[in-house]
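Have a look at the structure below before the remarks.
Each reported figure results from applying straightforward, stated rules to the coordinates on display, with no laboratory input. Values in this document were obtained by computation on a predicted structure and should not be read as measured data. With ideal geometry, Cβ positions are generated from the backbone for all residues, glycine too; neighbour counts draw on all protein chains shown.
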């Protein structure tokens, strides 16, 4: 269980999921629901994680903003790729 929690502490995991949603689904109703679900899952993960330690709190809290930023990057890249094709 500890390895799974450590896996989800990495903001790149959350960001990878979000950028894939942005690239594949763009800005659609399904994408918004999936991102909302990811953010709720992130909040639940934060609750399960417990109190943050000073040396690791930056990486721990960066997952939530990473979801939003990488989703935006994903659908921007998707739009650029569609325009080029």
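Using helices alone, I'd like the mean residue ellipticity at 222 nm for the chain: each DSSP H run of four-plus residues gives -39500 (n - 2.57), total over residue count, nearest 500.
Numbers: 5 runs with 71 residues, N = 85.
Computed mean residue ellipticity for the chain: -27000 deg cm²/dmol.
Once the convex hull of the C-alpha atoms of region 8-49 is built, how many Å³ does it hold per residue, rounded to a whole number?
Working: hull volume 2.0 nm³, N = 42.
With only Cα atoms used, region 8-49 gives 47 Å³ per residue.
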Quiz item: Label residue 49 and residue 61 with points 7 Å out from Cα along Cα→Cβ: what is the distance between them in nm?
Solution: 1.0 nm
Practice problem: Consider the candidate values (i) 36.6, 110; (ii) 18.7, 75; (iii) 14.2, 48; state which one is Rg and Dmax of the Cα atoms in Å computed from the structure displayed. | Solution: (iii)
Practice problem: Could you tell me the distance between the Cα centroids of region 66-85 and region 21-61, to the nearest Å? | Solution: 18 Å
